[in-house]
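The block underneath contains the structure these notes are about, expressed in structure tokens.
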Amino acid sequence: MAMTDLLSAEDIKKAVGAFAAAESFNYKKFFEMVGLKKKSPEDVKKVFHILDKDQSGFIEEEELKFVLKGFTPEGRDLSDKETKALLAAGDKDGDGKIGAD
């Protein structure tokens with residue numbers, strides 16, 4: 001399954017473009033711009049599984065660094081600071097990774 005099976009290619013392009021500059025990534029705005037906030041929990045889990053490149057059931061810090069590329073190959077890598085901020089926001093139990101739930 002491709003990301004564009006779940007989200008609009010145009011929305012993805014706009015969202016990735018909005019955060020093209022280094023240190024500009026805002027995960028709340030990004031997820032809103034790509035349309036994830038309007039998706040069902042089932043669709044959000046499908047997006048999660050696309051981003052979980054090693055299919056471990058978790059998105060680890062190394063995978064988060066490339067989260068924008070998970071939406072489109074034109075996406076940039078996140079900086080270490082951006083990656084750590086995203087991990088901190090999603091890692092509810094402090095184990096250093098983000099689960100689907």
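Here, each number is a calculation from the coordinates, and none is a lab measurement. If you're wondering where the values come from, they're calculated on a predicted model, not measured in any experiment. Neighbour counts are summed over all protein chains in view; Cβ atoms, including those assigned to glycine, are modelled from backbone coordinates with ideal geometry.
Under the combined filter of DSSP loop state and at most 14 neighbouring Cβ atoms within 10 Å, the range 2-56 retains these GluC sites (Glu not before Pro): Glu23. Roughly how far apart, in whole Å, are the Cα centres of the range 76-101 and the range 14-75? Answer, in whole Å: 11. Remark: relative contact order (the chain) = 28 percent; criterion is Cα-Cα distance under 8 angstrom and separation of 6 or more residues. Per-residue 3J(HN,Hα) values for the range 88-96, derived from phi via the Karplus relation 6.51 cos²θ - 1.76 cosθ + 1.60 with θ = phi - 60°, read 4, 6, x, 8, 6, 9, x, 8, x Hz in sequence order (x marks Gly and Pro). Note on Ala9 and Asp54: the extension gain reaches 13.8 nm, defined as 0.36 nm multiplied by sequence separation minus the Cα-Cα distance. Note that the range 35-46 has calculated 3J(HN,Hα) couplings of x, 5, 5, 8, 8, 5, x, 5, 5, 4, 5, 5 Hz, one per residue in order, obtained from phi through the Karplus relation 6.51 cos²θ - 1.76 cosθ + 1.60 (θ = phi - 60°); glycine and proline are x. Remark: the Ala85-Glu62 segment gains 7.0 nm on full extension, using 0.36 nm per residue and subtracting the alpha carbon distance. Subtracting the Cα-Cα distance of Asp93 and Lys39 from their residue separation scaled by 0.36 nm leaves 17.0 nm.
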